[in-house]
1. Would you pick out the residues in the range 394-413 that are assigned to a helix (DSSP H, G or I) and either at positive phi or touching a helix residue (DSSP H, G or I) at 6+ places or on another chain (Cβ under 6 Å) (or both)?
2. Sort through VAL185, VAL219, VAL181, VAL211 and tell me the only one that's surrounded by 20 or more Cβ atoms within 10 Å (Cβ to Cβ) and in the same structural domain as LEU151 (by TED's automatic domain parsing).
3. Within the range 349-367, identify whether any single residue is charged (D, E, K, R) and not assigned by TED's automatic domain parsing to the domain that holds VAL325, and answer yes or no.
4. If I filter the range 152-163 down to residues being within 20 Å of the chain's Cα centre (by Cα) and without any contact (Cβ under 8 Å) to a residue 40 or more places away in the chain, which single residue comes out as nearest to THR18 (Cα to Cα)?
5. When the range 83-138 is examined, which residues are found to be within 21 Å of LEU163 (Cα to Cα) and among the charged types (D, E, K, R)?
6. Kindly provide the set of residues from the range 82-121 that are buried (at least 16 other Cβ atoms within 10 Å of the Cβ) and among the basic types (Lys, Arg), ordered by number.
7. Looking only at the range 228-237, decide whether some residue is of a type in the set (A, V, I, L, M, F, W, C), in a loop (DSSP other than H, G, I, E, B), crowded, with 18+ Cβ neighbours inside 10 Å and at pLDDT 95 or above.
8. Would you pick out the residues in the range 31-47 that are of a type in the set (Gly, Ala, Ser) and either crowded, with 20+ Cβ neighbours inside 10 Å or over 19 Å from the mean Cα position of the chain (by Cα) (or both)?
Amino acid sequence: MPHKTQVFQVSTLYGAATLAAALDAGLFGPRDRARRILLVSNNASVPETALRLDEMHGYTRIAARFDTVVSWNQAISPYHPSDWGPRANDTAMWQRAFRLAWDIDERDLIELAVESIQVNPARALAAIFSEAAVHVYADGLMSYGPTREKLPLSIACRIQRLLHLDLIPGLRPLLLSEYGVAPEVVPDSAFRGVLDEISREAADDPRLAPVLEEAPTAVLLGQYLAAINIISVEEEERLHVRMLTGAARAGHRSVVFKPHPTAPAGYSAALSKAAADAGVRLTVLDAPLLAETLYHHCRPELIAGCFSTAMATGSAYYGVPVARVGTALVMKRLRPYENSNRVPLAIVDHLVPDLEREETPALVGEAPESLSPLIRAIGFCMQPKTYPNLRESTVAWLREHLAGSPGYYFPEMRLAELDLPGSRPQMRAKVQARIQVRRARRVVRRAVRRGAGK
């Protein structure tokens, strides 16, 4: 009987923790029935200068669950993990090469567990190991949104399930649903157990001690949205200041800021001035720790952020009330409409109290009846060709609820492009004119190419 090798691809500690919880819960079968390889990919723009996964607290404990750890960056060097994929004719050659490099017998059956199947490196792995069953895991709020790109049928037909955390109980993921892929929840108890394990390992980090001494009651989460060109550096700096000001207004006199690992040092300087002006003690935790480790040790009373998944985990697994800042600004700036951050933004905007309006921070809890129809409607508008079955329900939702919803959920231009309720005749005419111009330009380009080829 052929032996089985399971390859688990990760790029973040949070994702690795999700997989570790799935393993602990037995979602990949008994430990002695397969060889397990942890395939680590550093997808940062410049991997050589970014924080490595093995530098973060908790990594060693998670890696111990696997038989072998290999680096995807080294395997495909000098190419970048987000850019490289095999040519169609070379997949068999690459499979032989990786089987040899990773000591996988040519007769072994292979299973893949990957993140973000729409893009590399997950897509490259699925193409190379063309007979492998594929398990997709989602480690954040994006699992509730639509699939970003159409998958080749040769990959889609092999996806067994979507493993996800139940961050919003009652809300069913839309991701991969068009392929009939069933979502499966990673048990809360297993994930919380892994987070506790990571937190215990980080307890002795000297950078954590000054934070604990200040006994912060509020945690501010940075995301570094400027890095992905959603807002400017100055706007994101002001967004963090708005979080601090809101926390101070709510009565918090000691706060800790957990920046994104790639955030510039200037963010901390701007916050320090704002904290001094507001009479608030500010501590910046610039250490290779998950935000969840901070919750474990500090036991805060408030988590403030924009739309970070760490807000949802803080509420779901640590019982900390959350509040949002700046979701409207970011939603208005999000381009294109298909941007995968749109659904996480909408979820937080719809469920989480607004700190600047002095709404009382609260736990996220079960999804209200209003959430699923809203997310389905946004999902359809993001990917109408992928989810044509959602058009009728989207039309019904728009007719009943559009007038009472924030305008940034459904911009009129997008509604006009899709011929949906809520767009004026002049806007639809404007869209049609643009379409005609684009068609004319394509005709001209084809004519020019034909003329150049004669």
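1. THR394, TRP397, GLU412
2. Going through VAL185, VAL219, VAL181, VAL211 in turn, the sole match is VAL181.
3. Initially, the range 349-367 is screened for residues charged (D, E, K, R), giving 349, 354, 356-359, 366.
Those left that are additionally not assigned by TED's automatic domain parsing to the domain that holds VAL325: none.
So far as the range 349-367 goes, no, none of its residues is charged (D, E, K, R) and not assigned by TED's automatic domain parsing to the domain that holds VAL325.
4. LEU162
5. GLU111, GLU115, ARG123, GLU131
6. Residue satisfying the conditions is ARG99 alone.
7. Let us first name the residues in the range 228-237 that are of a type in the set (A, V, I, L, M, F, W, C), namely 228, 230-231, 233.
Applying the additional criterion that residues be in a loop (DSSP other than H, G, I, E, B) yields 230-231.
Within this subset, residues satisfying the condition of being crowded, with 18+ Cβ neighbours inside 10 Å are 230-231.
In the following step, the residues that additionally are at pLDDT 95 or above were identified as none.
No, the range 228-237 contains no residue that is of a type in the set (A, V, I, L, M, F, W, C), in a loop (DSSP other than H, G, I, E, B), crowded, with 18+ Cβ neighbours inside 10 Å and at pLDDT 95 or above.
8. Filtering the range 31-47 for residues of a type in the set (Gly, Ala, Ser) gives 34, 41, 44-45.
Listed by number, the residues that qualify are ALA34, SER41.
The values are calculated or read from the model by the stated rules, or taken from the named source; none is laboratory data. Bear in mind the structure is a predicted one, so any value in this text is a computation, not a measurement. In this analysis, Cβ positions are derived from the backbone assuming ideal geometry, glycine residues included, and neighbour counts consider all displayed protein chains.
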